[in-house]
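Engineer: My questions will all concern the structure given below.
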Amino acid sequence: MAGKVVLITGGTGGIGKATAIGLATLGARVGITGRDLSRTRQVAADIRAASENPAIDGFAADMSSQAEVRRLAAAILDTYPRLDVLVNNVGGFWAHRHTTADGLEHTFALNHLASFLLTNLLLDRLKASAPARVVGVSSHVQAEGRIEFDDLQGARDYSGQRAYSQSKLANIMFTNELARRLEGTRVTATCLHPGFVRTDFGAEDQAWFFTVVSRAVRPFLKTPEQGAQTSIYLASSPDIDGVTGKFFANREPKTANKVAYDTDMAARLWDVSASLVGMTSATA
Ligand SMILES: NC(=O)c1ccc[n+]([C@@H]2O[C@H](COP(=O)([O-])OP(=O)(O)OC[C@H]3O[C@@H](n4cnc5c(N)ncnc54)[C@H](OP(=O)(O)O)[C@@H]3O)[C@@H](O)[C@H]2O)c1
């Protein structure tokens with residue numbers, strides 16, 4: 001990865017930080033994002049020490065806010081004349097319905113729309129750096145996901161589990177639609193399930209039963225280093241040259257929810273997402 005530039009969203013903890021250490025150890029220049037500037041800078045210093053790679057940059061932005069995502073994208077474009085890999089890792093789980101600064105439901109806004117908007121804002125830079133890769137961190141729960149077009153933001157009926165699995169299915173539909181739109185550009189789009197990993201996932205607003213279950217199973221979960229392996233593989237391996245529109249787990253291609261292969265639904269989700277972030281659907 002020497003000479004390559006990688007941006008990892010949500011790189012201050014859990015799977016994102018372990019992915020950053022892995023790719024920095026392979027020699028890439030790595031940018032990480034987190035909400036708090038001093039924490040993000042501290043983690044960038046930790047990654048420098050762990051990887052013995054000085055080329056680590058920290059960017060602060062609350063990515064649930066579209067204005068912050070736009071500001072982040074501008075800072076990335078200013079800092080990096082090339083961008084070889086974008087890892088859309090940021091995401092979380094909220095047991096109760098919260099709304100963002102834009103008045104959108106938090107899970108959908110952070111887990112799907114933030115990656116949708118950031119990717120679109122960085123796409124020209126990725127195309128100019130081709131071959132380049134966009135890697136999305138989805139989840140196994142995509143299998144239970146449904147895209148509720150008439151209540152995408154759970155305004156009528158919210159459940160944390162439903163909102164989360166919808167957002168993780170949206171990650172795969174976005175990847176597949178992006179891959180179609182990027183055909184011929186040598187920018188590829190893949191996504192993955194990292195496994196069940198011991199991180200701070202869901203800690204901000206956990207359902208009580210989930211707290212009990214996660215305490216009980218915590219010792220049996222993957223370490224963040226193990227959970228980062230498929231992200232690192234998709235971001236860096238020559239095996240993945242030219243591979244696009246595919247979902248992986250344990251570094252192997254997997255079949256996703258059948259909805260993920262519905263091109264009409266994916267195009268519809270793209271158009272709705274573009275409208276929610278104030279972009280024209282022709283982008284990409
Ligand atoms: N853990 C699992 O078992 C598991 C399983 C399947 C999929 N996943 C997926 O893996 C990804 C990473 O999860 P994780 O388990 O590593 O979670 P985590 O330990 O909670 O880390 C989340 C990261 O996102 C950042 N973040 C959270 N809210 C943010 C916001 N509003 N704006 C900007 N950054 C924000 C956090 O940074 P700051 O707190 O510093 O802002 C942190 O770096 C997620 O997409 C998750 O859905 C996880």
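Engineer: Quick one: in the stretch 71-122, of everything that is within 20 Å of Gln166 (Cβ to Cβ) and assigned to a strand (DSSP E or B), which residue is farthest from the chain's Cα centre (by Cα)? Walk me through it before giving the result.
Structural biologist: Kept after step one, since they are within 20 Å of Gln166 (Cβ to Cβ), are these residues of the stretch 71-122: 88-100, 102-119.
Add one more test, that the residue is assigned to a strand (DSSP E or B), and what stays is 88, 99, 105.
Values: Asn88: 2, Thr99: 20, Glu105: 17 Å.
Selected residue: Thr99.
Engineer: Residues to consider are Leu269, Leu192; find the one that is within 23 Å of Thr19 (Cα to Cα), modelled with pLDDT of 95 or more and of a type in the set (A, V, I, L, M, F, W, C).
Structural biologist: Working: Leu269 fails: within 23 Å of Thr19 (Cα to Cα).
Exactly one of Leu269, Leu192 is within 23 Å of Thr19 (Cα to Cα), modelled with pLDDT of 95 or more and of a type in the set (A, V, I, L, M, F, W, C), namely Leu192.
Engineer: Sort through Arg133, Arg125, Arg146, Arg180 and tell me the only one that's in a helix (DSSP H, G or I), away from the ligand (no atom under 16 Å from the Cβ), of a type outside the set (Gly, Ala, Ser) and touching a residue at least 60 places away in the same chain (Cβ under 8 Å).
Structural biologist: Values: Arg133 fails: in a helix (DSSP H, G or I); Arg125 fails: touching a residue at least 60 places away in the same chain (Cβ under 8 Å); Arg146 fails: in a helix (DSSP H, G or I).
The unique qualifying residue is Arg180.
Engineer: Check Thr190 against each of (1) within 16 Å of the ligand (Cβ to nearest atom); (2) part of a loop (DSSP other than H, G, I, E, B); (3) under 17 Å from the mean Cα position of the chain (by Cα); (4) surrounded by 16 or more Cβ atoms within 10 Å (Cβ to Cβ) and name the one condition it does not meet.
Structural biologist: (2)
Engineer: Scan Ala235, Ala207, Ala143, Ala170 and give me the residue that is surrounded by 14 or more Cβ atoms within 10 Å (Cβ to Cβ) and touching a Gly at 6+ places or on another chain (Cβ under 7 Å). So that I can check it myself, show each step before the final result.
Structural biologist: Details: Ala235 fails: touching a Gly at 6+ places or on another chain (Cβ under 7 Å); Ala143 fails: touching a Gly at 6+ places or on another chain (Cβ under 7 Å); Ala170 fails: touching a Gly at 6+ places or on another chain (Cβ under 7 Å).
The unique qualifying residue is Ala207.
Engineer: Within the stretch 18-37, is even one residue among the acidic types (Asp, Glu), within 14 Å of the ligand (Cβ to nearest atom) and outside any loop (DSSP other than H, G, I, E, B)?
Structural biologist: Checked against the condition, which is being among the acidic types (Asp, Glu), within 14 Å of the ligand (Cβ to nearest atom) and outside any loop (DSSP other than H, G, I, E, B), the stretch 18-37 yields no hits at all.
Engineer: Got a number for residues in the stretch 44-70 being outside any strand (DSSP E or B), over 28 Å from Pro238 (Cα atoms) and within 12 Å of the ligand (Cβ to nearest atom)?
Structural biologist: Initial filter on the stretch 44-70 (outside any strand (DSSP E or B)): 44-55, 61-70.
Now narrow it down to the ones that are over 28 Å from Pro238 (Cα atoms): 45, 61-70.
Filter once more, so that each one left must be within 12 Å of the ligand (Cβ to nearest atom): 61-66, 68-69.
Result for the stretch 44-70: 8.
Engineer: How many of the residues in the stretch 84-104 are within 18 Å of Leu269 (Cα to Cα) and surrounded by fewer than 24 Cβ atoms within 10 Å (Cβ to Cβ)?
Structural biologist: Taking the stretch 84-104 as the starting set, the residues that turn out to be within 18 Å of Leu269 (Cα to Cα) are 88, 104.
After this cut, where a residue has to be surrounded by fewer than 24 Cβ atoms within 10 Å (Cβ to Cβ) as well, the list is 104.
Adding up the residues that qualify gives 1.
The values are calculated or read from the model by the stated rules, or taken from the named source; none is laboratory data. Remember, it's a predicted structure, so these values are computed and weren't measured experimentally. For neighbour counting, all protein chains shown are included, and Cβ atoms are generated from backbone atoms with ideal geometry for every residue, glycine included.
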